[in-house]
Amino acid sequence: MKTRRKFIKESLTLAAASQLPLNLNATNMEKTIEPVVISTWRHGLPANEASWKILDIGGKAIDAVEAGVRVVESDPNTRSVGLGGLPDRDGNVTLDACIMDETSNAGAVCFLQNIENPISVARLVMDKTPHVMLAGEGAFRFAIESGFKKTNLLTEASKKDWKKWTETSDYKPVINIENHDTIGLLALDKNGDLSGACTTSGLAYKMHGRVGDSPIIGAGLFVDNETGAATATGMGELVMKTIGSFLVVELMRQGATPQEACEEAVMRIVKKLDYKDLQVGYLALNKKGEIGAYAVHPGFNYALMKQAENKMYDAISYVKS
Ligand code: ASP
């Protein structure tokens, strides 16, 4: 019969032996992982570049996704994100954003006004508070207390378009036109970790107080570091009703490729909801660096950067033309 001491000694030796090859594998894997960054729409190109600078030198995916989307938030010529975003029907630019890291930690802000980089406020909600989401005035106060500057986000160009819109006040979001251009960005770093960020001024001329899918963890963005990450753009109401990004990641967890997962998530919309005049697009990225992209209607495109090459691609779609 084994003595207790002998039993413990043998177990420890076995455990040590079984861990050795694993560690070696992990080290080998680290050496071969190629970073990948993928993001929605054409403004994804400069966002990817900013993310790549961090990924390329071995930085963390969470820092890369934040740095990437900040570029788009601060660009006044992007009329659907951050500074210069088109306002709600009362002329207020209200912003939604969320961020999620490889430890399943997440932060979000919604209905935030007068702050240029909501993604960085979302990051601070994640890093410095016991909460996941802050809204409206509370989010603004937290931002100011954290050192962010109050900024008027309604540029002359956006004000002019909004004034023109008030002449008819006809609320009819147009597929793929600028009121549909959230930036959702996903990254895989050299360590093999995934993170994502999503930020928007939401639908142009929405009702005051309307919040879309983009700041909702599971809807506009979801990351599961064991499996993959996903993000959404388009009519947030459809994404929220189907918990789109969570669905894409969950399907990947069950064995779907990123492409299959995006297609199935779009099919949920097509089967259950009125999608005729509404666009939704999904992007997915898995642990192996494989990507997926699919939309309800044609016209959704995305920027993909890998091996230092940054290019635009057209996503395929359920509706063919
Ligand atoms: N998903 C965003 C929202 O519904 C808008 C967009 O992506 O265009 O607020």
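The values are calculated or read from the model by the stated rules, or taken from the named source; none is laboratory data. In this text the structure is predicted, and so the values were computed from the model without any measurement. Every residue, glycine among them, receives a Cβ derived from its backbone with ideal geometry; neighbour counts consider all protein chains shown. Heavy atoms of the whole protein, side chains included, go into the accessibility calculation; ligands, DNA and RNA do not. Shrake-Rupley method; radii C 1.70, N 1.55, O 1.52, S 1.80 Å.
Suppose we keep only residues that are part of a helix (DSSP H, G or I) and within 14 Å of the ligand (Cβ to nearest atom) within region 240-264. Which one would you say is most open to solvent (accessible area, probe 1.4 Å)?
Selected residue: LYS241.
The rows are residues; the columns are (1) away from the ligand (no atom under 15 Å from the Cβ); (2) free of Cβ contacts under 8 Å to residues at least 60 places away in the same chain.
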{"position": "VAL81", "(1), (2)": "no, no"}
{"position": "ALA135", "(1), (2)": "no, no"}
{"position": "GLY138", "(1), (2)": "yes, yes"}
{"position": "ARG141", "(1), (2)": "yes, yes"}
{"position": "GLY147", "(1), (2)": "yes, yes"}
{"position": "TRP162", "(1), (2)": "yes, no"}
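Would it be correct to say that THR199 is within 16 Å of the ligand (Cβ to nearest atom) and more than 30 Å from GLY255 (Cβ to Cβ)?
yes
For region 273-280, indicate whether the set of residues that are away from the ligand (no atom under 16 Å from the Cβ) and either within 26 Å of ASP161 (Cβ to Cβ) or in contact with a helix residue (DSSP H, G or I) (Cβ under 7 Å, 6 or more places away or on another chain) (or both) is non-empty.
There is at least one residue in region 273-280 that is away from the ligand (no atom under 16 Å from the Cβ) and either within 26 Å of ASP161 (Cβ to Cβ) or in contact with a helix residue (DSSP H, G or I) (Cβ under 7 Å, 6 or more places away or on another chain) (or both).
Within the group VAL36, VAL72, which residue is more than 20 Å from GLY234 (Cα to Cα) and crowded, with 24+ Cβ neighbours inside 10 Å?
Going through VAL36, VAL72 in turn, just one is more than 20 Å from GLY234 (Cα to Cα) and crowded, with 24+ Cβ neighbours inside 10 Å: VAL36.
Based on this model, can you work out whether ASN117 counts as farther than 22 Å from GLY281 by Cα, modelled with pLDDT of 90 or more and under 16 Å from the mean Cα position of the chain (by Cα)?
yes
Return a yes/no flag: does region 276-295 have any residue that is modelled with pLDDT under 95, open to solvent by 50 Å² or more (accessible area, probe 1.4 Å) and not in a strand (DSSP E or B).
Yes, region 276-295 has at least one match.
Which is within 15 Å of the ligand (Cβ to nearest atom) and in contact with a Gly (Cβ under 8 Å, 6 or more places away or on another chain), of ALA229, ALA187, ALA219?
Being within 15 Å of the ligand (Cβ to nearest atom) and in contact with a Gly (Cβ under 8 Å, 6 or more places away or on another chain) holds for just one of ALA229, ALA187, ALA219, which is ALA219.
Give me the strands (runs of 3 or more DSSP E) completely within region 121-239, filtered to those with at least 1 residues that are farther than 18 Å from ARG70 by Cα and either open to solvent by 20 Å² or more (accessible area, probe 1.4 Å) or of a type in the set (Asp, Glu) (or both), ordered by residue number.
Qualifying strands (runs of 3 or more DSSP E): 133-135, 221-224.
Inside region 296-321, can you point out the residues that are small (Gly, Ala, Ser), open to solvent by less than 30 Å² (accessible area, probe 1.4 Å) and not in a strand (DSSP E or B)?
ALA315
All but one of (1) farther than 30 Å from MET312 by Cβ; (2) open to solvent by 40 Å² or more (accessible area, probe 1.4 Å); (3) within 16 Å of the ligand (Cβ to nearest atom) hold for ASN114, so report the exception by its number.
It fails just one condition, (3).
Restricting attention to region 31-42, does a residue exist that is over 20 Å from the mean Cα position of the chain (by Cα), farther than 30 Å from SER201 by Cα and at pLDDT below 50?
no
Out of all the residues in region 81-92, which are open to solvent by less than 10 Å² (accessible area, probe 1.4 Å) and under 10 Å from SER158 (Cα atoms)?
Those that are open to solvent by less than 10 Å² (accessible area, probe 1.4 Å) and under 10 Å from SER158 (Cα atoms): GLY84, GLY85, LEU86, PRO87.
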